[in-house]
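First the structure, in the form of structure tokens, and then the observations on it.
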Amino acid sequence: MVDSLNLTEKHQEPSETKPPEEGVVRERAWGTVTLLEEGDRYRINRIELDPGHHISTQMHYHRSEHWIVVSGTAKVICDGEEKTLIQKQSTYVPMCTPHRVENPGVIPLVMIEVQNGEYLGEDDIIRFEDAPGV
């Protein structure tokens with residue numbers, strides 16, 4: 001009787017969300033990146049930037065990024081414009097936009113980074129040479 005009413009159970013496809021590999025923490029000269037979650041077109045990282053350090057100026061052709069400050073202070077330079085973010089504030093970094101983040105504070109800067117795009121590979125990072133003393 002159920003089949004005649006066209007109420008057959010629908011098969012659900014498995015979720016496209018991949019659980020992060022256990023303990024994926026990448027050490028960098030400036031701090032750490034911890035993979036929290038990854039899917040087909042997104043990746044969520046926890047970034048910890050040591051006081052007085054910065055990531056290199058870079059851009060991506062195939063992904064945008066959204067940064068949310070959890071604790072500390074972030075000096076963000078995006079497409080030549082500088083702004084300071086504190087806890088609970090965020091910024092959006094569009095594709096093809098040179099960007100950089102610095103920690104001008106005395107405590108670690110902790111941010112959540114949401115990457116979104118059709119390609120999230122490490123080879124989509126174009127690094128620019130930073131000016132001496134920056």
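Each value in this text was obtained by applying a stated rule to the coordinates, not by laboratory testing. Here the structure is a predicted model, which is why all the values come from computation and not from measurement. Please note: Cβ atoms are built from the backbone with ideal geometry, for glycine as well, and neighbour counts cover all protein chains shown.
So here's what we get for this one:
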{"read-out": "Cβ-based exposure ranking for MET95, MET59, in which fewest neighbours within 10 Å come first", "value": "MET95, MET59"}
{"read-out": "3J(HN,Hα) from dihedral phi, the stretch 34-51, Karplus parametrisation 6.51/-1.76/1.60, rounded to Hz, x for glycine, proline", "value": "10, 6, 9, 7, 9, x, 4, 10, 8, 8, 10, 10, 9, 10, 10, 10, 5, x"}
{"read-out": "Nearest-0.05 FRET efficiency for VAL106 and HIS66, computed from C-beta distance (R0 22 Å)", "value": "0.30"}
{"read-out": "For LEU49, LEU35, LEU109, order by how many other beta-carbon atoms lie within 10 Å, fewest first", "value": "LEU35, LEU49, LEU109"}
